[in-house]
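The values are calculated or read from the model by the stated rules, or taken from the named source; none is laboratory data. Worth saying up front: this structure is predicted, and the values here are computed from it rather than measured. Quick reminder, even Gly has a Cβ in these numbers, built from the backbone with ideal geometry, and neighbours come from all protein chains shown. Accessible surface is based on the protein model in full, side chains and every heavy atom, while ligands, DNA and RNA are left aside. Shrake-Rupley method; radii C 1.70, N 1.55, O 1.52, S 1.80 Å.
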Amino acid sequence: MKTFSDEGSLQVEIQEEFDIISARARARVFAEALGFGIVDQTRIATAVSEIARNALIHGEGGKMILRASKDKKGLEIVIVDEGPGVPDIDRVMGHEYSKPGGLGLGLAGAKRLMDEFYFESKPGVGTKVTMRKWLPSGFRW
Amino acid sequence: MEEVSRSSILKIEDFLLATPQEAMHDIAAIRFRDDILRRLKDTKVNGLIIDLSGVDVVDSFMGRTIGEIANSANLIGAEVAMIGLRTDVAITMVEMGISLGNVYPLLNLDLALKFLRNQRRGG
């Protein structure tokens, strides 16, 4: 399901495996429309793939919101779930979870691909990941 | 949602050419892995070429699955060559720190076939 709001944002539900594919395809198209080149499109689609999968597997599903950033020129992606949450983000991003298949490898990888990355999680409430990618300087809309 | 798989596994010379479809979700990726390993056993070929030209995202899960295909194929006696990785995907993989295990990356199908002919196990 997707809905366009007044601000030109796009919402994608993440409730099953195939939604991960939809989410990253939507993010790629959105990024392309904003003027991102092919490498940035792939970085963005890959980061979305990682975080959407986390929301599905560890967060019992959630949703992604794409929007053009208001302050600087770029793309903002928010992925939220209402799952059990993660008690200790430092452990998740650190060595313990960063084994193949662990939560950490995907999170740390997604963080490296984006310009800004914020991870908020409250046990019993859910998890919210906010990621931003800036267009190359000198880019004009 | 049920998708029609466009992934293919074809025999070429004494080798298998495996081409995953563009948008493969996790369950399809695991099914593809199992299909390849079964075909390697059944056809008794001794080499595998993975063609990633249709894959626009290799995230940690996809990277791990390709690595598992390569390492398992290696263990049952097949060398593994990889072709067709897009440059934007390669850049993203390097930045993320994703590696693919025992695969031998080559520029094109001709080179992959040449490589595998020279790697043949058991003469």
Worksheet item: In segment A:26-42, what count of residues is obtained for those that are within 11 Å of chain B (Cβ to nearest Cβ), surrounded by fewer than 24 Cβ atoms within 10 Å (Cβ to Cβ) and within 12 Å of the chain's Cα centre (by Cα)?
Response: 1
Practice prompt. Determine which single condition residue B:73 fails, assuming it passes every other condition in (1) assigned to a helix (DSSP H, G or I); (2) open to solvent by less than 30 Å² (accessible area, probe 1.4 Å); (3) within 14 Å of chain A (Cβ to nearest Cβ).
Written response: (3)
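Would you pick out the residues in segment A:64-74 that are hydrophobic (A, V, I, L, M, F, W, C) and within 17 Å of residue A:128 (Cβ to Cβ)? First the steps, then the outcome.
First, the residues of segment A:64-74 that are hydrophobic (A, V, I, L, M, F, W, C): A:64-66, A:68.
A:64, A:65, A:66 - these are the residues of segment A:64-74 that are hydrophobic (A, V, I, L, M, F, W, C) and within 17 Å of residue A:128 (Cβ to Cβ).
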Item to complete: Pick out the one residue from B:49, B:36, B:83, B:98 that is away from chain A (no Cβ under 13 Å) and in contact (Cβ under 8 Å) with a residue 40 or more places away in the chain.
Response: B:49
Discussion item. With within 13 Å of another protein chain (Cβ to nearest Cβ), open to solvent by 40 Å² or more (accessible area, probe 1.4 Å), modelled with pLDDT under 95 and assigned to a loop (DSSP other than H, G, I, E, B) as the only criterion, which of B:3, B:22 stands out?
Written reply: B:22
Fill in: Checking residue B:51 against (1) open to solvent by less than 50 Å² (accessible area, probe 1.4 Å); (2) more than 11 Å from the chain's Cα centre (by Cα); (3) not hydrophobic (A, V, I, L, M, F, W, C), the condition it does not meet
(2)
Worksheet item: Is it fair to say residue A:33 is over 20 Å from residue A:112 (Cα atoms), of a type in the set (Gly, Ala, Ser) and in a helix (DSSP H, G or I)?
Response: yes
Practice prompt. Could you run through segment A:81-106 and say how many residues are buried (at least 19 other Cβ atoms within 10 Å of the Cβ) and at pLDDT 90 or above?
Written response: 2
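Please indicate, with yes or no, whether at least one residue in segment A:9-22 is part of a loop (DSSP other than H, G, I, E, B), surrounded by 16 or more Cβ atoms within 10 Å (Cβ to Cβ), over 12 Å from the mean Cα position of the chain (by Cα) and at pLDDT 95 or above. Break it down into steps so the answer makes sense when it comes.
Let us first name the residues in segment A:9-22 that are part of a loop (DSSP other than H, G, I, E, B), namely A:9, A:15-16.
Filter again for surrounded by 16 or more Cβ atoms within 10 Å (Cβ to Cβ), leaving none.
So far as segment A:9-22 goes, no, none of its residues is part of a loop (DSSP other than H, G, I, E, B), surrounded by 16 or more Cβ atoms within 10 Å (Cβ to Cβ), over 12 Å from the mean Cα position of the chain (by Cα) and at pLDDT 95 or above.
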